[in-house]
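Report on the following structure.
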Amino acid sequence: MKKKLKIQRTFLYTIGRPLAWLFFHTIFPFRVVNSRALQGREAPYLLIANHNHALDPALVGLLCPYEIRILGKEELMSSRFARWFLSKLHMIPIARGASDMQAIRSCMETLEEGHVLHVYPEGTRHYEKLMEHVEKGIALLALREKVDMIPVYIDGIMRPFRLNRAIIGEPIRAADYPPGGYNRRNAEILCQRVKDTFYALRDRLNSSD
C-alpha cells in the first residue's frame, strides 16, 4: 500500500522555488497551459516530460507542488559538490545504457513511499523527432507500481528573453492501462500511448495560439 504524502519543503527547495519562479518569469519566461493541473493532485505518480534543455527539470519541479524525485544520469554526480547538491534535490542516479538494478529499486521505493517521480521517457535530451524512442523501462515501472503518468510537453528548446511554452496534459491513468498487468507486450502498448499523448499535447498547444 502506497503512503499518502504530505507536502514538505527541504532547505534547498525552500530557497530554490522562489528563485526558480523569478527565473522563469524573467530570463526564461513561460506560458504554461493548464498550469494548475497538478495542484491538489495526490502523489504518488510519474511526472513525464520531453527533454530538450538542461533547465527542463527546474521548470517541471516548479510546476509540481511536491518535491519531486528525478531520475538522472550518474555522470552529473561526477564531483563531490555535484553529488551533495543533486542528492539534496532528490536525484536518483542511473547508469545509461545498462540495466541499473539499484536505480530501478530506488524508483520503485520512491513511488511506494508516496513521492512524485519525474522521468524522461526518451531517456535523455532529444533534439530531433518528438518521442522518437520511448524507453520500455518507464512503462514497466508504471505497470508494476500501478501509478498514473502525468505528461508535461515543453515546446522546443528554451530560449532566454522570449516567451517559451509548455502544457500539462491529463493523466494517463493506471486504471486504463492494458489488461494483463506487468509484461513486455503491455509495456509496448503503453509506450505507444505515451507517444500519442505527447503528439496530441503538441498539437493542442500549437492550436491554442
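Can you tell me how many residues within the stretch 172-190 are touching a Pro at 6+ places or on another chain (Cβ under 9 Å) and surrounded by fewer than 20 Cβ atoms within 10 Å (Cβ to Cβ)?
Residues flagged as touching a Pro at 6+ places or on another chain (Cβ under 9 Å) and surrounded by fewer than 20 Cβ atoms within 10 Å (Cβ to Cβ) within the stretch 172-190 amount to 3.
Examine the stretch 102-123 for a residue that is of a type in the set (Phe, Trp, Tyr) and within 25 Å of Gly156 (Cα to Cα), and state whether such a residue exists.
Yes, there is a match, as at least one residue in the stretch 102-123 is of a type in the set (Phe, Trp, Tyr) and within 25 Å of Gly156 (Cα to Cα).
Could you tell me whether Tyr153 is buried (at least 22 other Cβ atoms within 10 Å of the Cβ) and either closer than 22 Å to Val33 by Cβ or modelled with pLDDT of 95 or more (or both)?
So Tyr153 fits the description; yes.
Scanning for something in contact with a Leu (Cβ under 9 Å, 6 or more places away or on another chain) and in a loop (DSSP other than H, G, I, E, B), does the stretch 189-199 turn up at least one residue?
No, the stretch 189-199 contains no residue that is in contact with a Leu (Cβ under 9 Å, 6 or more places away or on another chain) and in a loop (DSSP other than H, G, I, E, B).
Would you say Arg17 is modelled with pLDDT of 90 or more, basic (Lys, Arg) and over 24 Å from Val134 (Cα atoms)?
Yes: the conditions hold for Arg17.
Mind telling me which of the residues Pro171, Pro179 ends up being in contact with an Asp or Glu (Cβ under 7 Å, 6 or more places away or on another chain) and of a type outside the set (D, E, K, R)?
From the options Pro171, Pro179, the qualifying one is Pro171.
How many of the residues in the stretch 93-121 are at pLDDT 90 or above and not in a helix (DSSP H, G or I)?
9
Picking from Gly156, Gly180, which residue would you name as being more than 13 Å from the chain's Cα centre (by Cα), over 24 Å from Ala58 (Cβ atoms) and among the small types (Gly, Ala, Ser)?
Sole residue among the options that is more than 13 Å from the chain's Cα centre (by Cα), over 24 Å from Ala58 (Cβ atoms) and among the small types (Gly, Ala, Ser): Gly180.
What's the total number of residues in the stretch 21-40 that are closer than 21 Å to His115 by Cα and surrounded by fewer than 16 Cβ atoms within 10 Å (Cβ to Cβ)?
Total meeting the criteria: 4.
Is the stretch 91-104 home to any residue that is touching a residue at least 60 places away in the same chain (Cβ under 8 Å), touching a strand residue (DSSP E or B) at 6+ places or on another chain (Cβ under 9 Å), within 23 Å of Val194 (Cβ to Cβ) and buried (at least 17 other Cβ atoms within 10 Å of the Cβ)?
No.
From (1) within 24 Å of Phe23 (Cβ to Cβ); (2) among the charged types (D, E, K, R); (3) assigned to a loop (DSSP other than H, G, I, E, B), pick out the condition that doesn't hold for Glu170.
(1)
List every residue pair whose Cβ atoms lie under 9 Å apart, where the two residues are 6 or more positions apart in sequence or sit on different chains, the first residue falls within the stretch 150-165 and is more than 30 Å from Glu42 (Cβ to Cβ), and the second residue, located anywhere, is at pLDDT 95 or above and among the hydrophobic types (A, V, I, L, M, F, W, C).
Arg159/Phe28; Pro160/Ile27; Pro160/Phe28; Phe161/Ile27; Phe161/Phe28; Arg162/Phe28; Leu163/Phe30
Looking at (1) over 11 Å from the mean Cα position of the chain (by Cα); (2) farther than 25 Å from Pro160 by Cβ, find the lone condition where Ile48 falls short.
(1)
The values are calculated or read from the model by the stated rules, or taken from the named source; none is laboratory data. Everything quoted here is computed from the prediction, not taken from an experiment. Every residue, glycine among them, receives a Cβ derived from its backbone with ideal geometry; neighbour counts consider all protein chains shown.
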